[in-house]
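Heads up, the thing below is written out as structure tokens.
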Amino acid sequence: MKWMRRLKSSYGAPFLLLVCSVYWTQGFRSFAWTGISYQMKDELRLSPSLSQFVISVVFIPWSIKPIYGILSDCVPIGGRRRVPYLIIASILSFVPWFLLGYFEALRASYIYLMVLVTSQNFGAAMADVVVDAMVAEKARKESAEYSGDLQSLSWLAMAFGGILGSVSGGLCLAVLKVKGIFLLFSIFPLLQLVSCIFIHEKSANQMAVVNNEVLEGAQNIARDSSTADKQYDNSSHGVSTNVEGLRKRKAASPQEVISRLPKSLDGIEAPLQSQRGLFHDLQTTLQALWRAVKQPDIIQPMLWFLISQSVVPNLSTVMFYYQTNHLHMNSSFLGTSRVVGWGGLMCGTFFYNRYLKHVPLRKTFWWVHVGLTVLTLIDIILVLEFNSYLGIPNKAFVLGLSALGDAVSQFKFMPFLVLSGQLCPPGIEGTLFALFMSVNNFGSTLSSFAGGSLASVLHISSENFDNLALGIFLQAACTLVPIFFLFLIPPTATGAAHDEHQA
């Protein structure tokens, strides 16, 4: 309670309510996605491959997060950079869920469902970027001493929302049906929208600060590429190992980077936005980003992460159909398995930070992909029902795989966050880090498309899983492919922060 009173005193109750509502909603999305999964499977009777295609499309907005950050930084609305975009994002999040819950005809068409859920993902991704920028700015301006507390509050809200959403989604589905789940979930973006009313934001002209020094630093990247791989400053981009924020690590935007300049620059007067022009700001930001991305030490690791995500077909939707239609696992149990997955993720985070963060990343990624290949092959035991001969119940087998899979995956995601931050040069680390995250999300989208295509080629349907074992074997084989491209990862890079390297 003392911790919360301190935060309230530093930042104000309206701002804390906004932060908690946005991050809670992000975590609680698992509640709504339970309804979507069963709507596509039971009501629309879509095949596993078509369901996978729909899911792939609706997550595309998460692959363009830098665009939201650049727009909110460079194109103020009504003289303000954050709140107007957050209002737009909240409306985009609220309206589709309300329409899907209220109008049965919209739920009865997978085209309408896909369009509306994609629209709300635009809102969710935009809110994700904008509120993170607001958190970073508030933490610096109001009380830097408590900035870690504010970040912890946001991650705690998202983790608690994710766990509760996973548990309650399956339980509520039997009582509220899909209609009730969509309508109930729409309350949270509505609360997010109402919270915006109480937030006072100064105009962009009032908050203008000098950024020429930052841009010059970005321009020097092209002339000093030999030192690009030495830009190891985790503190500038906010990479964290806090467990609660691991599922969707937030990426800062360009304006936040400026806000992290030394305090000696805070009083320097800068030209007003109206004098520089919107197009000039956009052009300058994009040019600096392009100069950075062209550097081999940045583009090569980015390419590896894209390859490692995209070449492995995602069969998660197919496995969902198999577990519910063939193994007859109910929604409440699947929610429980997701909670167990959260537990595995937390254990994986602890183990990585305790034992693996000083290990060279090439070695870590090699063992991670070998481990993921083995775990993928173990799925074949479940599909062929060999576990029954071993005396292992299906539910126990699924719970164990869920925990192990998320734990091992975390050994890859944690160093991804750190390496992405280490490679970002000063001045544009916010935008470039967001680009790293978007490349990772885009790779996941391509993986989902590949999984749907593989299910279609193998003629896997909601009732026919004869070729599922073959599909899992091909998935496991593809999981080994990124190992052959590990030369793209800097040979000396580890998962330790820069200050730990120097200690």
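The values are calculated or read from the model by the stated rules, or taken from the named source; none is laboratory data. Just so it is clear, the model here is predicted, and its values are computed rather than measured. Virtual Cβ from ideal backbone geometry, glycine too; neighbours counted across all protein chains shown. These accessible areas exclude ligands, DNA and RNA; they are computed on the full protein's heavy atoms, side chains included. Shrake-Rupley method; radii C 1.70, N 1.55, O 1.52, S 1.80 Å.
Here are the numbers:
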{"read-out": "Rule-of-thumb Rg ratio for region 297-433 [Cα; 2.2 N^0.38 Å; N residues]", "value": "1.23"}
{"read-out": "Cut-off under 5 Å, modelled amide H: who pairs with Leu327 long-range", "value": "none"}
{"read-out": "Relative contact order [Cα under 8 Å, 6+ residues apart], region 292-436, whole percent", "value": "35"}
{"read-out": "Mean separation of Cα contacts under 8 Å (6+ apart) over length of region 1-134, as relative contact order %", "value": "31"}
{"read-out": "Exposure rank, largest accessible area first [Val418, Val57; 1.4 Å]", "value": "Val57, Val418"}
{"read-out": "At most 11 other Cβ within 10 Å, DSSP loop - trypsin sites (Lys or Arg not before Pro), region 1-88", "value": "Arg45"}
{"read-out": "Gyration tensor (Cα) of region 4-119, equivalent ellipsoid semi-axes in angstrom", "value": "32, 18, 13"}
{"read-out": "Tensor-based shape of region 348-493 (alpha-carbon gyration tensor, a/c under 1.5 rounded, otherwise prolate or oblate)", "value": "prolate"}
{"read-out": "For region 101-107, Karplus couplings with θ = phi - 60° (6.51, -1.76, 1.60), whole Hz, Gly/Pro x", "value": "x, 8, 10, 5, 4, 6, 6"}
{"read-out": "Heavy-atom SASA rank of Trp33, Trp366 (probe 1.4 Å, accessible area, largest first)", "value": "Trp366, Trp33"}
{"read-out": "Convex hull volume per residue for region 59-103, taking Cα atoms only, in Å³", "value": "71"}
{"read-out": "By accessible area with a 1.4 Å probe, ligands and nucleic acids excluded, highest first: order of Val167, Val175", "value": "Val175, Val167"}
{"read-out": "Heavy atoms of Asp42: accessible area, 1.4 Å probe, square angstrom to 10", "value": "60"}
{"read-out": "Accessible-area value, Asp406, 1.4 Å probe, nucleic acids and ligands omitted, Å²", "value": "40"}
{"read-out": "Within-15-Å neighbourhood charge of Asn330 [Cβ basis; K, R +1; D, E -1]", "value": "+3"}
{"read-out": "Phi to ³J(HN,Hα) by Karplus 6.51 cos²θ - 1.76 cosθ + 1.60 over region 110-121, Hz, x for Gly, Pro", "value": "5, 5, 4, 4, 5, 5, 5, 5, 4, 4, 5, 5"}
{"read-out": "At q = 0.18, 0.19, 0.23 Å⁻¹, base-10 log of I(q)/I(0) for region 1-48 (Debye sum, equal scatterers on each alpha carbon)", "value": "-0.65, -0.68, -0.81"}
{"read-out": "Solvent-accessible surface (1.4 angstrom probe) belonging to Glu43, in square angstrom, nearest 10", "value": "130"}
